[in-house]
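Working notes for the structure below.
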Amino acid sequence: MKKTLIALLLGLGSLSAQAALDPMQVRQLAAEDSTDKVAAIRQLTQTADPDAVRVLKAMSEDSLFLAGDKVVIIDGDKAFDGATGEAIKMPANPESPTVNNRIRGELASALAALKLFDADAGVRLASAQKLQSQVTPEMAPLLARALEKETDAQIKALLVLAHAQANLGNADPAARLAAVKALAETSSPTIKSVLLPLTEKAGEPDDKVRYEAIAAVKAIDSRLAIAENVGRAFSGLSLGSILLLGALGLAITYGVMGIINMAHGELLMVGAYATYGMQTLFRAYFPNAIDWYLPAAIPVAFFAAALVGVIMERTVIRWLYGRTLETLLATWGLSLVLIQSARVLFGAQNVEVSNPSWMSGGIEVMPNLILPWNRIIIVGFAMFVLFLVWVLMNKTRLGMFVRAVTQNRAMAGCVGVPTARIDTMAFALGAGIAGLGGVALSQISNVGPDMGQGYIVDSFMVVVVGGVGQLAGAVWAALGLGIFSKLLEGWAGAVIAKISILVCIIIFIQKRPQGIFALKGRFVE
Amino acid sequence: MRKPLTLRILSALDKKSWLALGIFLALALVVVPVLHLHFPEDSALHVSTYAITLIGKIMCYALVAVAMDLIWGYGGILSLGHGLFFALGGYAFGMYLMRQIGRDGSYGADLPDFMVFLDWKELPWFWLGSDKFGWVAFLVMAVPALVAFVFGYFAFRSRIKGVYFSIITQALTYAAMLLFFRNETGFGGNNGFTDFKRVLGYSITSSETRLVLFGLTAVMLAVTLVFSAWLVKSKFGRVLTAIRDAESRVMFIGYNPLWYKLTIWVISAVLCGIAGALYVPQVGIINPSEMSPGNSIEIAIWVAVGGRGTLIGPVIGAFVVNLAKSWFTVSFPEYWLFFLGLLFIVVTLMLPQGLVGLWKKIMTKKGAEAC
């Protein structure tokens with residue numbers, strides 16, 4: 001520690017006393033012993049002099065030579081004095097000093113640290129960010145000086161952290177205490193791991209500092225936990241969005257026709273395979289526009305699933321109105337046929353659907369919380385579909401008819417609503433929305449023949465909890481179930497979460513058999 | 001004056017049915033063992049081990065189908081979670097079979113192999129007494145009964161019915177499947193129980209043990225059929241059918257449907273548990289996939305194919321569908337799901353009364369033509 005302080009004093013002295021570098025230090029760069037070289041590099045770094053950057057850079061590029069007693073930099077056919085930077089005569093037979101890996105590593109971090117004094121704020125910022133993970137106690141004086149000179153608030157904040165990290169190894173308990181206090185403000189797991197050794201007696205002899213460190217770790221932990229929970233809530237939101245896309249269609253078909261469509265999950269699968277088909281098509285014919293396959297897949301998936309839905313309704317479901325339990329079995333049969341068809345057409349293995357490039361990456365909200373773009377886009381997409389469905393149901397003639405049939409089929413028929421056609425349309429609409437759900441699902445999970453099966457139970461839970469015939473119910477139930485299950489998952493594991501949610505639903509239905517948003521009115525069975 | 005019990009049981013079936021039942025039992029208990037043991041394997045009359053296992057397995061399924069019919073055909077409640085009760089019975093008896101392996105497992109330890117693999121030092125509490133046949137036989141019935149009672153009480157009390165009930169039972173078996181897939185649950189995780197060696201000290205692979213199990217299953221099926229026939233003809237059964245047809249009216253007359261539904265629901269679950277316990281030693285394996293929603297819904301199709309609301313229908317349905325399944329999965333494995341799917345559709349669309357209904361229709365037509 002004392003050494004560093006002396007080095008700091010020396011460094012400060014050299015900075016004020018002379019513009020050029022100390023020739024002795026520069027000479028030491030070409031010393032025989034690696035340890036001497038390292039010491040020289042470190043001392044030169046402490047000066048924070050632009051000349052030091054020049055010399056160290058030359059050394060790292062192998063253009064530093066020893067000529068007699070002088071260190072020279074040779075650039076092409078010109079030669080410069082190492083210490084002063086003046087152009088000199090080309091020396092007779094320059095010797096190249098050995099630069100081994102240890103020296104190279106030392107040079108790299110020295111140059112990185114010196115970037116903190118660069119004139120360009122962008123370079124300084126990048127350097128400060130890079131330093132966060134590789135601070136050593138020797139850097140403390142350097143960082144202190146950089147901090148003094150820094151004007152940019154963002155860089156300053158980063159430097160404070162780096163300086164504090166470096167100071168954790170300071171011999172003075174007061175300095176360590178200040179460092180710990182500064183670090184307590186952060187929320188990064190790396191800083192937590194830096195602080196952890198200080199919470200034990202072996203790592204920190206001073207009681208005051210140790211208690212402070214324990215408190216700091218606790219504070220960081222609680223902030224980390226918050227970030228983690230926010231992350232979970234967000235992934236719950238995106239799960240809820242998928243559930244919503246699945247459940248919207250179900251809510252419509254169940255609301256209008258009183259039919260539980262067990263093949264609804266397979267309509268999700270149809271939509272996902274349609275996405276896969278579009279991807280294959282774009283790869284084969286428009287490889288330059290491959291990123292656009294996903295928007296192109298949206299209408300294709302909608303109509304593919306809607307078409308399958310219409311065929312299902314016309315051939316099977318139409319004949320089973322009023323026999324809900326039998327419909328359950330028949331649609332289950334349909335789902336088996338669809339699964340096996342997908343296996344025959346596309347193979348039993350999962351197919352690969354890749355994210356377009358604009359969906360990869362994410363937004364970093366906190367050091368340990370990154371919201372991936374694909375999930376953000378899915379949430380937005382679900383909201384968009386929800387909006388479209390809301391418009392369709394509330395602002396169009398078709399929507400009015402669908403609502404009329406939902407409320408009172410016989411009366412709607414009497415006033416001239418073509419109920420049979422509305423059934424088909426509503427079924428196609430529900431199927432199409434499931435197809436859209438398949439597009440979204442293809443971006444975050446595997447696409448395979450069995451993919452629909454996993455979502456069907458959850459989608460039904462949404463309909464059961466949300467109540468029938470109301471979009472609002474499905475929305476709240478889907479988001480609530482999604483977030484609740486993800487939070488529980490983080491706390492108790494996926495299986496326990498699933499089971500406890502099921503138990504909650506059963507209890508919930510005890511209290512509200514009609515779901516959250518029941519249609520008001522009196523019903524006779 | 002009420003008739004004595006024996007008379008009441010006798011009157012549960014008509015003469016023809018008693019005769020058919022007698023022939024069935026004679027076949028299962030005398031003819032099959034004789035054919036299996038006394039004819040060499042190359043003889044045309046020999047009944048192979050494969051056939052005995054297959055038929056034994058299907059009889060277990062038939063038992064489940066009858067249980068399902070009690071609740072669906074007579075109670076009007078479609079359960080899509082009966083695979084759970086079947087598997088619970090199977091797991092309960094599987095615990096006993098695992099303990100009977102003793103030190104003959106691949107690790108040669110006192111604990112079942114999977115526990116050694118998980119580095120457990122002692123049996124979990126719920127394995128207590130699993131080496132006693134009597135206690136396990138009790139568990140086989142008590143565990144499904146308890147689960148069914150608790151779940152059914154809450155579901156029926158809040159008058160969940162129709163598709164809602166079906167969906168919730170499906171979710172129940174799905175959740176249970178996930179639970180049993182976990183290694184920490186203590187039932188062997190993914191692999192479940194297998195590699196059984198003995199039952200009650202007798203080798204599980206010997207012909208005699210197989211025949212005894214086969215016979216037991218046949219007797220159990222016969223007893224269940226007689227019991228069910230008596231049950232559905234009793235006052236209880238009539239109230240149940242009335243609830244199926246018009247629950248509100250039954251309530252207004254002054255019956256509380258809760259207890260009727262709950263009773264038949266628990267009886268049905270217990271029968272499934274027994275079927276599961278008979279199934280496991282014959283097939284030699286039980287794993288969580290028995291609880292998959294697909295398996296449970298298949299039970300419903302056995303009943304639908306045979307004919308709901310009749311007692312012979314489910315038995316016929318279980319045999320027809322499962323024989324078709326074993327034929328398809330050997331000859332055209334990729335078409336089995338197509339066939340099963342179409343079966344679901346065709347039966348619900350064209351044969352709402354199942355094969356028994358079709359038969360009755362043909363007979364009445366013949367009868368009408370004869371007149």
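Quick notes on this structure:
- Against the conditions (1) within 26 Å of A:D450 (Cβ to Cβ); (2) hydroxyl-bearing (S, T, Y); (3) away from chain A (no Cβ under 14 Å), B:S228 satisfies every one except (1).
- Hits in region B:255-296 (condition: crowded, with 24+ Cβ neighbours inside 10 Å, of a type in the set (V, I, T) and farther than 27 Å from B:K233 by Cα): B:V280, B:I286
- Residue satisfying all of: in region B:185-202; in contact (Cβ under 8 Å) with a residue 24 or more places away in the chain and in a helix (DSSP H, G or I); surrounded by the fewest Cβ atoms within 10 Å (Cβ to Cβ) among these: B:N190
- Among the conditions (1) more than 23 Å from B:M350 (Cα to Cα); (2) within 14 Å of another protein chain (Cβ to nearest Cβ); (3) at pLDDT below 85, the only one that A:E266 does not satisfy is (3).
- Of residues in region A:1-55 being basic (K, R) and more than 21 Å from A:T98 (Cα to Cα), the one modelled with the highest pLDDT: A:K3
- Some residue of region B:209-232 being at pLDDT below 90, more than 30 Å from B:L343 (Cα to Cα) and over 20 Å from the mean Cα position of the chain (by Cα): yes
- Put simply, of A:A215, A:A166 the only residue that is surrounded by fewer than 17 Cβ atoms within 10 Å (Cβ to Cβ), at negative phi, small (G, A, S) and not in a loop (DSSP other than H, G, I, E, B) is A:A215.
- Residue in region A:346-358 that is more than 30 Å from A:A289 (Cβ to Cβ) and within 14 Å of chain B (Cβ to nearest Cβ) present: yes
- Test result for A:A305, crowded, with 22+ Cβ neighbours inside 10 Å and within 32 Å of the chain's Cα centre (by Cα): yes
- Residue match in region B:228-237 (condition: touching a residue at least 40 places away in the same chain (Cβ under 8 Å) and within 25 Å of B:Q282 (Cα to Cα)): yes
- Selection over region A:281-302 of residues that are surrounded by fewer than 15 Cβ atoms within 10 Å (Cβ to Cβ) and hydroxyl-bearing (S, T, Y) gives a count of 1.
- Condition check for A:D49: under 26 Å from A:E138 (Cα atoms), out of contact with any strand residue (DSSP E or B) (no Cβ under 6 Å at 6 or more places or on another chain) and among the acidic types (D, E): yes
- Within region B:75-89, the residues that satisfy the criterion of being assigned to a helix (DSSP H, G or I) and either under 10 Å from the mean Cα position of the chain (by Cα) or within 14 Å of another protein chain (Cβ to nearest Cβ) (or both) are B:H82, B:G83, B:L84, B:F85, B:F86, B:A87, B:G89.
- Residue count, region A:295-325 (criterion: within 13 Å of chain B (Cβ to nearest Cβ), part of a helix (DSSP H, G or I), without any contact (Cβ under 8 Å) to a residue 40 or more places away in the chain and not polar (S, T, N, Q)): 3
- Screening B:F214 on (1) more than 14 Å from chain A (Cβ to nearest Cβ); (2) surrounded by fewer than 21 Cβ atoms within 10 Å (Cβ to Cβ); (3) under 30 Å from B:G102 (Cα atoms) shows it passes everything except condition (2).
- Summed over region B:290-308, the residues that are in contact (Cβ under 8 Å) with a residue 24 or more places away in the chain, within 13 Å of chain A (Cβ to nearest Cβ) and either more than 12 Å from the chain's Cα centre (by Cα) or under 21 Å from B:F180 (Cα atoms) (or both) give a count of 12.
- Counting the residues of region A:432-469 that are within 14 Å of chain B (Cβ to nearest Cβ) and in a helix (DSSP H, G or I) gives 14.
- Annotation note: of A:L328, A:L336, the sole residue that is within 14 Å of chain B (Cβ to nearest Cβ), out of contact with any Cys (no Cβ under 7 Å at 6 or more places or on another chain), at pLDDT below 85 and closer than 27 Å to B:P333 by Cβ is A:L328.
- Among residues of region A:470-503 being of a type outside the set (G, A, S) and without any contact (Cβ under 8 Å) to a residue 12 or more places away in the chain, the one that is farthest from the other protein chains (Cβ to nearest Cβ) is A:W491.
- Output for region B:320-371, where each listed residue is within 12 Å of chain A (Cβ to nearest Cβ) and among the hydroxyl-bearing types (S, T, Y): B:Y335, B:T348
- Within region B:219-254, considering residues that are charged (D, E, K, R) and farther than 29 Å from B:Y61 by Cβ, the one surrounded by the most Cβ atoms within 10 Å (Cβ to Cβ): B:E247
- Residue that is farthest from the other protein chains (Cβ to nearest Cβ), among those in region B:147-158 that are free of Cβ contacts under 8 Å to residues at least 12 places away in the same chain and surrounded by 15 or more Cβ atoms within 10 Å (Cβ to Cβ): B:F154
The values are calculated or read from the model by the stated rules, or taken from the named source; none is laboratory data. No experiment lies behind these values; they were computed from the predicted model shown. With ideal geometry, Cβ positions are generated from the backbone for all residues, glycine too; neighbour counts draw on all protein chains shown.
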